[in-house]
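Q: Have a look at this one before I ask anything.
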Amino acid sequence: MEQPVPIKEVKILETAEDIQERREQVLNRYLEFKAAARLRREKLEDSRRYQYFRRDADELESWIHEKLQAASDENYKDPTNLQAKIQKHQAFEAEVAAHSNAIVVLDNTGMEMINQEHFQKLSIRQRLDELHRLWELLLSKLAEKGMRLQQALVLVQFLRQCDEVMFWINDKETFVTTEEFGHDLEHVEVLQRKFDEFQKDMASQEFRVSDVCETADKLTNEQHPESQVVVNKKMELLEAWARLKSLATERQ
């Protein structure tokens, strides 16, 4: 058998004091409700701002990791198409520089929430610190790769310069070691003119040898990663040059 529902006793407001008391109770409850609603709205707004911050931070971190992978590529070890690689790297640097505003915006947003005592302020601080660490690492990798590409280009140019002078030396060494001394006066005079021209060429080539040696010393002093290769090529060139000068002296 169902139990009868108890009837709640309703207090009869008999006096002005009762009415005033009741009015204050209602007003207090309304104020408490408004305060709770405002607090709830503020927490929801704080949560919304934090989720936007997280989204933007995730996107930036993903972008940085992608660029770090590209910046860590050691394509400078392959000496082919270095000029094109340098141009591509310069465009890469410009892209990163243009993206730097993203971390500035995140910094401003995050610090504003931290200063406002956001309930996730510790997480926000940690995320900003990690993003700055990754950003500095990216800039460091970019600078290092740019330097490596330039070093590779300088080395290629140096080796090409060495090879050109060595080719000339080897060619002239064949000339000065020939056993041909002329079989008549006219032939002797032709050979003499050729030797005079060779000696003039020797004077001009000496400047090229000096340039190569100066470049080698510069690269060595700058502690180029391939300094030993540079030193070896310089010594090879100087030995070939000294040998050619000695042969030329004997030919006179």
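Q: Treat each spin label as a single point 7 Å out from the Cα along the C-beta direction, and report the TRP63 to LEU238 distance in nm.
A: 5.2 nm
Q: On the principal axes of its Cα set, how long, how wide and how thick is the range 50-184? Give whole Å, largest value first.
A: 104, 19, 18
Q: Let me ask something else about it. Could you give me the ³J(HN,Hα) list for the range 208-216, computed from phi with Karplus coefficients 6.51, -1.76, 1.60 and θ = phi - 60°, whole Hz, x at Gly and Pro?
A: Here the 3J(HN,Hα) series is 5, 4, 4, 4, 4, 5, 5, 4, 4 Hz.
Q: Given labels modelled 7 Å from the Cα in the Cβ direction, how far is it in nm from SER140 to ASN101?
A: About 2.8 nm, to one decimal.
Q: Label SER72 and GLN199 with points 7 Å out from Cα along Cα→Cβ: what is the distance between them in nm?
A: Between SER72 and GLN199, the label points sit 6.3 nm apart.
Q: From the backbone phi of the range 44-53, what are the Karplus-calculated ³J(HN,Hα) couplings (6.51 cos²θ - 1.76 cosθ + 1.60, θ = phi - 60°) in whole Hz, Gly and Pro given as x?
A: 5, 5, 4, 5, 4, 4, 5, 5, 5, 4
Q: Among the GluC sites (Glu not before Pro) within the range 120-176, which fall in a DSSP loop and have no more than 12 other Cβ atoms within 10 Å of their own Cβ?
A: On the way: sites: GLU130, GLU136, GLU144, GLU164, GLU173; in loops: none.
Here no loop site has a sparse enough neighbourhood.
Q: Here is the link list: LYS145/LYS233; LYS85/LYS218; LYS200/LYS234; LYS67/LYS218; LYS121/LYS145; LYS43/LYS67. Which ones come out longer than 28 Å on Cα distance?
A: Working: LYS145/LYS233 25 Å; LYS85/LYS218 24 Å; LYS200/LYS234 23 Å; LYS67/LYS218 33 Å; LYS121/LYS145 36 Å; LYS43/LYS67 36 Å.
From the list (LYS145/LYS233; LYS85/LYS218; LYS200/LYS234; LYS67/LYS218; LYS121/LYS145; LYS43/LYS67), the Cα-Cα distance tops 28 Å for LYS67/LYS218; LYS121/LYS145; LYS43/LYS67.
None of the figures in this text is laboratory data; all of them are computed from the coordinates on show. Since the structure is predicted, the reported quantities are computational estimates derived from the model, not experimental observations. Note that each Cβ is placed from the backbone with ideal geometry, even for glycine, and that neighbours are counted across all protein chains shown.
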